[in-house]
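Read the structure below first, then the notes.
The values are calculated or read from the model by the stated rules, or taken from the named source; none is laboratory data. Just so you know, these numbers come straight off a predicted model, no measurement behind them. Cβ sites come from the backbone with ideal geometry, for glycine too, and all protein chains shown count toward neighbours. Areas reflect the complete protein model, heavy atoms only, side chains present, ligands, DNA and RNA absent. Shrake-Rupley method; radii C 1.70, N 1.55, O 1.52, S 1.80 Å.
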Amino acid sequence: MRIEFDRDTCTGMFQCTAEWDAFEENRDDGKADLRDSEEEDEDVFVREIPEDAEFDAKMAARVCPVDAIAVYDDDGEQLIP
């Protein structure tokens, strides 16, 4: 399972940081950061989700008010928009 974070879309509400500790507040930029991620496209960051963090990652995606976070299963199917 992997997570994709569109940092450009992020508005800095930081709700994701309360759900999964892989997200952290970046007050200087007014946006969240996704730790241990790689930039796949400009301002789009991806990383694998550890099995023990799947629920938290899904919750982080669900609470994002601007849908900047998407979760995909191992087959590449989007689970959370």
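How would you rank 43-54, 5-16, highest first, on the average number of other Cβ atoms within 10 Å across their residues?
Those peptides, ordered most packed to least, come out 5-16, 43-54.
Ignoring ligands, DNA and RNA, how do Leu34, Leu79 rank by accessible area with a 1.4 Å probe, largest first?
Leu79, Leu34
Can you tell me the relative contact order of the chain? Whole percent, Cα pairs under 8 Å, sequence separation 6 or more.
Relative contact order, the chain: 38 percent.
Taking only protein heavy atoms into account and a 1.4 Å probe, give the accessible area per residue of the chain in Å².
For the chain, the per-residue accessible area is 60 Å².
Using amide H atoms built in the peptide plane, which far-off residues or other-chain residues are under 5 Å from Ala68 H to H?
Answer set, sorted by chain and number: none.
What angle do you read, to the nearest 10 degrees and between 0 and 90, between the alpha-carbon axis of helix 54-63 and the longest principal axis of the chain?
With both axes taken from Cα atoms, the answer is about 50 degrees.
Report which label in [x] 115; [y] 156; [z] 79 holds the value of volume of the Cα convex hull per residue in Å³ derived from the coordinates of this structure.
After the calculation, the listed value that fits is [z].
Report, to the nearest whole %, how much of the accessible area of the chain belongs to carbon and sulfur atoms, 1.4 Å probe, protein only.
38 percent
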